[in-house]
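Encoded as structure tokens, the structure appears first; notes follow it.
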Amino acid sequence: MARDYGESLSLDMSSAGILQEAIERTGLDDFGPMDFVGRLDMWLDEVAHDPDRLGIGHLSLRNSCVRYAANRLLTHDLLRRHPEIHDIKIERPIIIVGLPRTGTTHLLNVLSADDRLRSMPLWESYEPIPMAGEDADAQGVDPRYARCAKEWEQMQMVTPHIALMHPMDPDHVHEEIELMLPDFSSYNLEWVARCPQWRDYYLSQDQQPHYDYMHTMLKVMTFLRPRDRWILKSPQHFEQIGPLMKTFPDATVVMTHRDPVSVIQSAATMMTYAARMAYRTIDPGWYIDYWTDRIEKLLTAAVRDVHLIPQDQRIDVRFEEFMADDRATIQRVFDFAGHSLNERASQSIEDSLRTRSRDGQSTVVYDVRADFDRQPSEIRERFSGYINKFNVSTEVR
């Protein structure tokens, strides 16, 4: 039904149409520097004009782009009215850096249970700045939260197994690269579309301006909801260690590690499953090959640049150790970061661990041989440099 609805739509997929809708939605018209339009055009040229992409996929991309553009308008307006935001300092953040599917999401959400740390739930990351004139409903629910909850409900209806792979409920603590999207950069597009041209462009460009933009967005969010210390996370940082450390020179970096074969088969399975709602043809071979190559690029960059992180600011967390004793890992990370837990924070973390436990729940079986006709040994041999550098254990034989 969703696919049929998407095919019935006639969508304006031009950057001009997207920007005009953002203007109408916010009542604002000053986007600040307009260099982002060229990057938006790149997204639309590659993804929106892909004949294999479904109408519902086009609608999803367009809705996201309108939201990013609206967030840009709201941000520029707030900064104009409150220039003191630029003076806010983002000091000593705890930043989780690791491959996708290595426990980074679980670790981030559990550590964030200590609400003395500033984290970013999904609903807030989608709409960091409230729209003028929008107030909470009679039950006190922020309309931004309600919109995010509705989107999650709809996502589960069309992809019911997605919650087992990567929950996206409103309270889920999200990645800060979401804050780069109003600047229309980051590797995020690769997770929602087949876009090798964008990948190549993104990797060829200095990402420091976009890390600077994200840094400003963190100041905005600190202004709106203050805390003394942020906790952040994104796999993208693995290949952007230079811009990351220039932006946050005093960060504590928590680097997670896992057998790349496990990472790749998990990521490719999730992407193949989600593709049925965005593309006419599902091509598992494309996804396993793309993400094998993509993870190799991430890890090659990490091995090359890890020396840019001062040794006394980096702690390594191996997946199997985290899974074997998550409480010990949590304590080790906080000790390394110089963050002490009080009784209230310890109880909140315990509650989070119980809530997030998957004991007795259904699980997804990932099998690179059966699902993708690939041999683990052939994939793993491409990653010997990373495996040796960080003493990574292998899981899939």
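Here is a yes/no grid of residues against (1) at pLDDT below 95; (2) closer than 25 Å to ALA274 by Cβ; (3) surrounded by fewer than 12 Cβ atoms within 10 Å (Cβ to Cβ); (4) touching an Asp or Glu at 6+ places or on another chain (Cβ under 8 Å):
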{"site": "GLN313", "(1), (2), (3), (4)": "no, no, no, yes"}
{"site": "ARG318", "(1), (2), (3), (4)": "yes, no, no, no"}
{"site": "ALA324", "(1), (2), (3), (4)": "yes, no, yes, no"}
{"site": "ASP335", "(1), (2), (3), (4)": "no, no, no, no"}
{"site": "GLN361", "(1), (2), (3), (4)": "yes, yes, yes, no"}
{"site": "ASP373", "(1), (2), (3), (4)": "yes, yes, yes, no"}
{"site": "GLU381", "(1), (2), (3), (4)": "yes, no, yes, no"}
{"site": "ASN391", "(1), (2), (3), (4)": "yes, no, yes, no"}
Inset, instruction - Go through region 85-122 and give me each residue that's under 19 Å from THR222 (Cα atoms), of a type outside the set (A, V, I, L, M, F, W, C) and in contact (Cβ under 8 Å) with a residue 60 or more places away in the chain. - result: HIS86, GLU91, ARG92, PRO93, ASN109, SER112, ASP114, ASP115, ARG116, ARG118, SER119
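Tell me, which residue of region 10-31 that is among the polar types (S, T, N, Q) and out of contact with any helix residue (DSSP H, G or I) (no Cβ under 8 Å at 6 or more places or on another chain) is nearest to ILE129 (Cα to Cα)? Working first, answer last.
Step one: list which residues in region 10-31 are among the polar types (S, T, N, Q), which gives 10, 14-15, 20, 26.
Restricting the remaining residues to those that are out of contact with any helix residue (DSSP H, G or I) (no Cβ under 8 Å at 6 or more places or on another chain) gives 10, 20.
Working: SER10: 30, GLN20: 19 Å.
Only one residue fits best here, namely GLN20.
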Legend entry - Complete set of residues in region 179-224 that are of a type in the set (Val, Ile, Thr) and assigned to a loop (DSSP other than H, G, I, E, B): VAL192
Inset, instruction - Of the conditions (1) modelled with pLDDT under 95; (2) farther than 29 Å from LEU59 by Cα; (3) touching a strand residue (DSSP E or B) at 6+ places or on another chain (Cβ under 9 Å), PRO260 clears all except one; give me its number. - result: (3)
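Let's see how each residue does on (1) surrounded by 14 or more Cβ atoms within 10 Å (Cβ to Cβ); (2) touching a His at 6+ places or on another chain (Cβ under 6 Å):
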position	(1), (2)
GLU134	no, no
CYS148	yes, no
MET180	yes, yes
PHE184	yes, no
GLN208	yes, no
Inset, instruction - Search region 281-325 for residues being of a type in the set (D, E, K, R) and assigned to a loop (DSSP other than H, G, I, E, B), and hand back the single one that is nearest to LEU107 (Cα to Cα). - result: ASP325
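The values are calculated or read from the model by the stated rules, or taken from the named source; none is laboratory data. Everything numeric in this text was worked out from a predicted model, so none of it was measured. Note that each Cβ is placed from the backbone with ideal geometry, even for glycine, and that neighbours are counted across all protein chains shown.
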